[in-house]
Amino acid sequence: MTPATVEGAVIFSDLVGFTEFNGARGDAAAVDVLDRHRALMDDAIVASDARVVKELGDGLLVWATSPAGALRVATRFLVGLLDARAAGTFPLAVRIGVHAGTVHRRGDDIVGQTVNVAARIVNLAGPGEILVSDQVLDGCAELGSLAVRSVGPTSVKGVAETVWLHRVELTGDPAGLL
């Protein structure tokens, strides 16, 4: 049976320094951070078309039905996390990668090259950074109070063609995102 294919966008988030945090603070503190990471993402996807597909260790795989929706969720998530860090209620930084294209549904899971590329993009992002592919920007009619800086074409492990990446920067009122 061929899995159903759908168009949309994949968001990966990854906690920076989680393994070291876990080693220094212990499993109970690590689980608390994972729970708060998930809660911040859940807050970001409220009233959106996105859903958390699964938790992957110290990361999350999120699916949105459109690139604009994915970018909206990613920026809301980052704003929430930055606010929590500033308030001293979240100890770690996050990196975020977003890529758009076709995925294959397998039950509640999604698989395919779009997922693979998004996973590679998140690994290239720095702490507190959102990296997106050209395919994400192509699917966004407007960017609201976001600035986008080109990183350029990037070789991505396991992917034959280069991926053109862009760094998304929050420049204005977070309420005005997209």
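Here are the numbers:
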{"read-out": "Under the Karplus curve 6.51 cos²θ - 1.76 cosθ + 1.60, θ = phi - 60°, whole-Hz ³J(HN,Hα) for region 132-147, x wherever Gly or Pro sits", "value": "10, 8, 3, 4, 5, 4, 4, x, 10, 5, 9, 10, x, 9, 9, 10"}
{"read-out": "Carbon + sulfur, % of accessible area of the chain - ligands and nucleic acids excluded, 1.4 Å", "value": "50 percent"}
{"read-out": "Filtered GluC sites (Glu not before Pro), region 100-178: DSSP coil and at most 10 other beta carbons within 10 Å", "value": "Glu142, Glu161"}
{"read-out": "Inter-centroid distance (Cα atoms) of region 1-49 relative to region 100-151, Å", "value": "15 Å"}
{"read-out": "Under 5 Å, built H, 5+ apart or other chain: amide partners of Val16", "value": "Ala93, Val94, Arg95"}
{"read-out": "Cα-based Rg of region 1-47 normalised by 2.2 N^0.38 Å, two decimals", "value": "1.64"}
{"read-out": "CD proxy at 222 nm, helix term only [per DSSP H run n ≥ 4: -39500 (n - 2.57); per residue of the chain; nearest 500]", "value": "-11500 deg cm²/dmol"}
{"read-out": "Linear extension gain, Ser155 paired with Thr5, 0.36 nm per residue minus alpha-carbon span", "value": "51.4 nm"}
{"read-out": "Relative contact order [Cα under 8 Å, 6+ residues apart], region 43-161, whole percent", "value": "23 percent"}
{"read-out": "Amide H partners (placed H, <5 Å) of Val151, local residues excluded", "value": "Leu165, His166, Arg167"}
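The values are calculated or read from the model by the stated rules, or taken from the named source; none is laboratory data. All figures in this text were calculated on a predicted structure; none of them were measured in a lab. Every residue, glycine among them, receives a Cβ derived from its backbone with ideal geometry; neighbour counts consider all protein chains shown. For the accessible areas, the whole protein counts, side chains as well, though only heavy atoms, and no ligand, DNA or RNA atoms are used. Shrake-Rupley method; radii C 1.70, N 1.55, O 1.52, S 1.80 Å.
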